[in-house]
Every structure is written in structure tokens, then in C-alpha cells.
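Shown next, in C-alpha cells, is the structure this report addresses.
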Amino acid sequence: MLLKRKENRLPRSTSQTSIDTNDAADEGESSEGTIALMPEIKGKIDRIIRLHHFQYHSRLFWPAIIRETFGPDVDYNDPKYSTARTKITENMRTYKSRMLRAMESHVTTVLTANPNLKTASKGEVKQHFINIFNPENFYEVWYYMVNIIDVEKSTELGQYYMRGMYVNIALACVPVVKMVMSGGLGVADLRAKAQEVSSLFVLCLSLR
């Protein structure tokens, strides 16, 4: 296992509470023939969603999450799993949006604290982000992986993946953040660029 998973528990924080925006709907899902997400199922599927989303940053693998949660022989197209499908897509959309906002804020903080990076070469900026990669910075961006994986105890290849994701998305944000800071671009441009790069980076890793 490349990524060292922590014990089966989720963070109890204000961000965790706000992440599961469809929990109330889950609780009230009592229509006949629909699988209700009981607390034990919610805990299990939440953890699986977070791991899948971090590894692939895509909602395309929701059938695998359904099967990993309810069993390998389930028909994931069965309408009774609609509550779970909704939870998967909504949670992943939230994770991606907030992750990009967190990276935007992180890169802005780094550039503000190190103004020389604004005129440094791409290689120098890349090296800086490699140098400052650590669990604290990782969890600042991938907030939803707190208490899910252990950065320091992951294998060398697992840390390489995490560091590569962190550095490459940060690098994609740097030129756009600089323009946002100077008033040349809006935040929407920044997030669109970062989202594009995060998707391409995961695709490239899957093709290796």
C-alpha cells in the first residue's frame, strides 16, 4: 500500500460538518426501495469517497465506491443506491472546489512571504515548493485527508505522489495567482486553471 491509511475514523471538525451537506437528506431518505445511509454506512462511504477522490480527483469511479461500500455483487445502477450516488458526487464536488480554494490561499501566502519568487525562474519556484512540502502544508490543501492517510508513514512512492500533486498544482497556480494579486485576473480564472492541471496530472499518472 503506497499511502499509509490511518485508523478508520474521520476528523471531527467544523469543516467535516459542513462537508457533508447532503447528510440531512440522507437521514430523511425513507422512500420505499431506497437504501438509507445509516451512521455506520455513512462513516464507511465517507472514508472511501475521500480516498478515491484524492487518488483520482474524478467522479467517474463512483460505481467502484458503491461496490466497495455495499459489496462487489451489487448493481450500482439500481435506483435504491441513488442516495449513495448523490452523496458521492456532491462530496467530491465539494472536496475539489475547497481544495482549489485552499491551494489558491496557500500559494498566495507563500508568494507574499517570499516576494522574490515572483521574479524567480520556474525551476527555482518548483524547488521552493519541493523544499516546503510537509504534512502541515499537505493537509492545509487536502484538508479532507486529515486522519485518513499518514503522510510521513506512507511509502516513498506514496510520498512522491503526494509531493508531485502538491508541487505541480502549486506551480500551475503561481503565474495566475501573481496576476490575481496584481489585479490582472479574477479568482475564477485561477480556479479554472488549477482544476485543469489537477485533472491532467492525475491522467498522466494513470498512463505511466
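Structure above, values below:
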{"read-out": "Sparse-neighbourhood loop sites, chymotrypsin sites (Phe, Trp or Tyr not before Pro) in region 72-106 - DSSP loop, at most 16 other Cβ within 10 angstrom", "value": "Tyr76"}
{"read-out": "For Ile149, residues with placed amide H under 5 Å, excluding near neighbours", "value": "Lys6"}
{"read-out": "Gain on full stretching of the segment that runs from Tyr160 to Asn131 - 0.36 nm per residue minus C-alpha separation", "value": "9.1 nm"}
{"read-out": "Additional length obtainable on full extension of the chain from Glu124 to Val74, 0.36 nm per residue less Cα span", "value": "13.0 nm"}
{"read-out": "Inter-probe distance in nm under a simple model that places probes 7 Å from Cα toward Cβ, at Ser97 and Leu171", "value": "3.0"}
{"read-out": "Theoretical gain in end-to-end length, Ser105 to Ser82 [0.36 nm per residue, Cα-Cα removed]", "value": "4.8 nm"}
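Every read-out reported here was derived from the displayed coordinates using simple, explicitly stated rules and does not represent laboratory data. Everything numeric in this text was worked out from a predicted model, so none of it was measured. As a convention, Cβ positions derive from the backbone with ideal geometry for all residues, glycine included, and neighbour counts pool all protein chains shown.
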